[in-house]
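Structure record follows, encoded as C-alpha cells.
A short reminder: the numbers here are calculations on the coordinates, not readings from a lab. These numbers were taken from a predicted model, which means no experiment stands behind them. No Cβ is skipped: glycine too gets one built from the backbone with ideal geometry, and neighbour counts run over all protein chains shown.
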Amino acid sequence: MPAQSTRIDLGTAGLLDVYLPAPRVLEIKGEQPGHCVVVILFADGTLRHFSVQVLQTVSSAEVQKAATEIQKNLSSVSGITAVPEGSRVVIRGTAPLSSEKLYRSIIRVYGSLVVDEVKFAATSTTQGSAPENAGAYDVFHEKFERYVHYVLVTDKGRYQAGADSPHGSVSLVTEHYAICQQPSGRPALVLTAN
C-alpha cells in the first residue's frame, strides 16, 4: 500500500478475508464468489475505494473439459483457438463476421469461465465464394432441466446421442448443449440455460 492505513471497511460481508500482515501490506483472500468494494482510510486522511471481484474456483479438469467442448462446438468457426489458462478458458483469434452470432451464443453458456479475446472481420471476396451461412448452425435456446447418464433434458425435449429429438437426430450431447442434424440437412445447436 502507498501508506499506512488506519481503517479498512468492506462493502459486502462474507466475500473477502482482509488482513494486514505488515503495516503497509494488505492481503485479500476470497471467501466466496461475488463483488465487493474495499474502502481504505490512510493515516494521512486519504480515502481510497477498490473494487474486488471474487471468481468461483474451477478445477483444472473442468477447465480442460470446457476448453475441449468449446473447441468442438466452434470447429466450424475458422481462425480461433480455445485453450485452458489457469482457471479460465481463453479464446483468441480473428473469425469471420458471419460466425459472430453462433460464437456469442456458444460462449454465453460458459459465462465467466471464458476470457473472450476474439475479433471479427468481414471475409474478403477474393478468399472464395462460400455462402455467408456455410457451416453455420441454427441456434435454439432452451431451459435446462437436468443432465443424467449422457441425456440432456430441457423444457422442449430430451437429447441423447444417436436418438431423435425435437430438432432431429442428435450427434453430440453435453450438459450445456446438444448438436442435432435437422431434417432440412442443417445442423442445430441447442444451448441450455437455467
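Highest GNM mean-square fluctuation, the chain, Cα pairs closer than 10 Å: which of Val151, Val37, Val109?
Among Val151, Val37, Val109, the largest mean-square fluctuation in the Gaussian network model of the chain belongs to Val37.
About the Cα centre, and with charges only on the beta carbon of Lys, Arg (+1) and Asp, Glu (-1), how big is the dipole of the chain? Nearest 20 debye, please.
Here the chain has a charge dipole of around 140 debye.
Report, please, the projected area of region 137-194 averaged over directions, based on the convex hull of its C-alpha atoms, in nm².
Its average projected convex-hull area is 3.2 nm².
With 30 Å as the cut-off, how large is the P(r) tail for the chain, expressed as percent of Cα-Cα pairs?
41
Taking the square root of 5 times each eigenvalue of the Cα gyration tensor, what semi-axes in Å does the equivalent ellipsoid of region 5-54 have, largest first?
Value: 19, 12, 7 Å, ordered largest first.
Taking the Cα centre of region 1-65 as origin, work out the dipole magnitude from +1 charges on Lys and Arg Cβ and -1 charges on Asp and Glu Cβ, in debye rounded to 20.
The dipole of region 1-65 has a size of about 100 debye.
Helix 60-73 against the longest principal axis of the chain: what's the angle in degrees, Cα atoms only, rounded to the nearest 10?
The answer is roughly 40 degrees.
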